[in-house]
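Enquirer: If you scroll down you'll find the structure; I have some questions about it.
The values are calculated or read from the model by the stated rules, or taken from the named source; none is laboratory data. All figures in this text were calculated on a predicted structure; none of them were measured in a lab. We place every Cβ from the backbone using ideal geometry, glycine too, and count neighbours over all the protein chains shown. Note: accessible area is taken over every heavy atom of the protein model, side chains too, but ligands, DNA and RNA are not part of it. Shrake-Rupley method; radii C 1.70, N 1.55, O 1.52, S 1.80 Å.
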Amino acid sequence: MMNSRNEIPLHIVSPLKESLALSKLAGIQVLMKLENIQPVGSFKIRGIGHFCQELAKQGCKKFVCSSGGNAGLAAAYACRKLGLPATIVVPECTPKRVILKLQELGADVVVAGKVWDDADAYAHRMTDAPGSVYISPFNHPLLWEGHSSLILELKDSLGNQKPGALVVAVGGGGLLAGLVEGIVKVGWSDVPIIAMETLGAHCLNAALEAGKSVSLPDITSIAKCLGAKTVCDRALECARKYKVISVTVDDREALQAVEMFLEDELMLVEAACGAALSAVYSGHIQRLQKEGKLEKITGPLIMIVCGGSSINLSELQNFKSQLGMV
Ligand code: PLV
């Protein structure tokens, strides 16, 4: 997506590729939108890159971003490209490796609080004083506009074909809000979106059940990058207004999906992304159709492979033993 000044975006046009393994399991064609190969490993650069470019144009000189990891990496990368300083505030559960990556990108890193919400409160305090701009990992119209570029690309790739459904992981709901913005822009607003969360990070599901915005008491899922206690209002509004189907999975399903995806596609993604993949690996798509909650899918199923850098093989092993899977 080119913005008003025709600057080159900081994200890449990601490949759209069929997964034979996922298609076989789902019984319909599954196309993967490979956001895991974006600069710094996730879709986040779409929204955050756009946000930082726009605010830099307005004269902002310094950014502070709270993050579970991936938004911070995107912010650090964007600021490096723009030649501006970035401070990233992450919770204590953030792996050392991610902190090192952030520092290698030239960012200052502050570790504050147990979960993302605590780090976020700290980042807000840091930006109370004038001079630096707060970046939310998911809650800003510029982020949603940036994320909507994913759908514009999809439209280019698919031509006249319309997706049967989209599958997406939900944390604070920024990606979901961006996808909805995109489908409205291209005239696909009737395409169902399967919104996947892990239990213990299921803030959208909890809000939909309660019929209003609610906060989870704690984040207990291993998918820390889905770990916002409260979903953003815009995502909740989108979930009510459009065909969004909320599904929760447990950590084991998400991790199993990560492992199977590694075997099938030779790509390693975070548990946050495993939550989305488990829609097929755990048979939720088929179940929803059987239960009549999802209409018959006529076009390809688009799996948003959101990615994530907070994982390596030894961490995957650690999570497996933590969950009694070895
Ligand atoms: N992660 C945010 C929020 O964390 C972050 O700070 O990085 N998939 C991956 C790999 C992610 O990193 C995230 C968000 C999501 C999915 C969910 O996106 P969202 O928050 O826009 O729904 C607390």
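Enquirer: How many residues are away from the ligand (no atom under 15 Å from the Cβ) and not in a loop (DSSP other than H, G, I, E, B) if we restrict to segment 263-287?
Expert: If we filter segment 263-287 for residues that are away from the ligand (no atom under 15 Å from the Cβ), which is where we start, we get 263-266, 280-287.
Filter again for not in a loop (DSSP other than H, G, I, E, B), leaving 263-265, 280-281, 284-287.
Residues that pass the stated criteria total 9.
Enquirer: A follow-up question, please. Only one of 73, 84 is more than 30 Å from residue 298 (Cβ to Cβ), away from the ligand (no atom under 14 Å from the Cβ) and not charged (D, E, K, R). Can you tell me which?
Expert: On the way: 73 fails: away from the ligand (no atom under 14 Å from the Cβ).
Step by step, each of 73, 84 is checked, and only 84 is more than 30 Å from residue 298 (Cβ to Cβ), away from the ligand (no atom under 14 Å from the Cβ) and not charged (D, E, K, R).
Enquirer: Right, something else. Would you please list the contacts, defined by Cβ atoms under 9 Å and residues six or more apart or on different chains, that run from a residue in segment 39-62 that is within 16 Å of the ligand (Cβ to nearest atom) to a residue that is basic (Lys, Arg) and open to solvent by less than 10 Å² (accessible area, probe 1.4 Å)?
Expert: Partner pairs satisfying both residue conditions: 43/33.
Enquirer: Can you give me the number of residues within segment 239-290 that are touching a Phe, Trp or Tyr at 6+ places or on another chain (Cβ under 8 Å) and polar (S, T, N, Q)?
Expert: Total meeting the criteria: 1.
Enquirer: Could I ask something else about it? Given the residues 150, 154, 143, 102, which is the only one that is within 13 Å of the ligand (Cβ to nearest atom), in contact with a Pro (Cβ under 9 Å, 6 or more places away or on another chain) and either among the β-branched types (Val, Ile, Thr) or open to solvent by less than 10 Å² (accessible area, probe 1.4 Å) (or both)?
Expert: On the way: 150 fails: in contact with a Pro (Cβ under 9 Å, 6 or more places away or on another chain); 154 fails: within 13 Å of the ligand (Cβ to nearest atom); 102 fails: in contact with a Pro (Cβ under 9 Å, 6 or more places away or on another chain).
Checking each option against the conditions leaves just 143.
Enquirer: Another question, if that's okay. Suppose we filter 295, 259 for residues that are part of a loop (DSSP other than H, G, I, E, B), open to solvent by 30 Å² or more (accessible area, probe 1.4 Å) and not basic (Lys, Arg); which single one remains? I'd like the intermediate steps shown before the answer.
Expert: On the way: 259 fails: part of a loop (DSSP other than H, G, I, E, B).
After ruling out the rest, the residue left standing is 295.
Enquirer: Turning to a different aspect of this structure: Quick check, is residue 113 more than 10 Å from the ligand (Cβ to nearest atom), open to solvent by less than 30 Å² (accessible area, probe 1.4 Å) and part of a loop (DSSP other than H, G, I, E, B)? Spell out how you get there, then give the answer.
Expert: On the way: more than 10 Å from the ligand (Cβ to nearest atom): yes; open to solvent by less than 30 Å² (accessible area, probe 1.4 Å): yes; part of a loop (DSSP other than H, G, I, E, B): yes.
The answer is yes for residue 113.
Enquirer: Here's something else I'd like to know. If you check every pair at least six apart or on different chains, which have Cβ atoms under 7 Å apart with a residue in segment 100-124 that is within 15 Å of residue 215 (Cβ to Cβ) first and a residue that is among the polar types (S, T, N, Q) and crowded, with 20+ Cβ neighbours inside 10 Å second?
Expert: 116/66; 120/66
Enquirer: Something else now. Filter segment 298-318 for residues that are more than 19 Å from residue 101 (Cβ to Cβ) and not in a loop (DSSP other than H, G, I, E, B) and give the result.
Expert: Let us first name the residues in segment 298-318 that are more than 19 Å from residue 101 (Cβ to Cβ), namely 298-305, 317.
Selection gives 301, 302, 303, 304, 305, 317.
Enquirer: Then there is this: Which residue, of 240, 252, is away from the ligand (no atom under 12 Å from the Cβ), surrounded by fewer than 21 Cβ atoms within 10 Å (Cβ to Cβ) and in contact (Cβ under 8 Å) with a residue 40 or more places away in the chain?
Expert: Working: 240 fails: in contact (Cβ under 8 Å) with a residue 40 or more places away in the chain.
Sole residue among the options that is away from the ligand (no atom under 12 Å from the Cβ), surrounded by fewer than 21 Cβ atoms within 10 Å (Cβ to Cβ) and in contact (Cβ under 8 Å) with a residue 40 or more places away in the chain: 252.
Enquirer: Only one of these conditions is not met by residue 88: (1) of a type in the set (A, V, I, L, M); (2) part of a helix (DSSP H, G or I); (3) not assigned by TED's automatic domain parsing to the domain that holds residue 215. Which number is it?
Expert: Condition not satisfied by residue 88: (2).
Enquirer: Could you tell me whether residue 299 is in contact with a helix residue (DSSP H, G or I) (Cβ under 6 Å, 6 or more places away or on another chain) and either not assigned by TED's automatic domain parsing to the domain that holds residue 163 or not polar (S, T, N, Q) (or both)? So that I can check it myself, show each step before the final result.
Expert: Values: in contact with a helix residue (DSSP H, G or I) (Cβ under 6 Å, 6 or more places away or on another chain): no; either not assigned by TED's automatic domain parsing to the domain that holds residue 163 or not polar (S, T, N, Q) (or both): yes.
So residue 299 does not fit the description; no.
Enquirer: Mind checking whether some residue in segment 217-230 is farther than 27 Å from residue 95 by Cα and either of a type outside the set (A, V, I, L, M, F, W, C) or not assigned by TED's automatic domain parsing to the domain that holds residue 66 (or both)? Even if it seems obvious, please write down each step before you answer.
Expert: Quick first cut of segment 217-230, residues farther than 27 Å from residue 95 by Cα only: none.
Looking through segment 217-230, none of the residues is farther than 27 Å from residue 95 by Cα and either of a type outside the set (A, V, I, L, M, F, W, C) or not assigned by TED's automatic domain parsing to the domain that holds residue 66 (or both).
Enquirer: Another question, if that's okay. Does residue 213 qualify as being of a type outside the set (Asp, Glu), in a loop (DSSP other than H, G, I, E, B), open to solvent by 20 Å² or more (accessible area, probe 1.4 Å) and under 21 Å from residue 296 (Cα atoms)? Talk me through it step by step, then tell me what you get.
Expert: Details: of a type outside the set (Asp, Glu): yes; in a loop (DSSP other than H, G, I, E, B): yes; open to solvent by 20 Å² or more (accessible area, probe 1.4 Å): yes; under 21 Å from residue 296 (Cα atoms): no.
Judged against the criteria, residue 213 is not a match.
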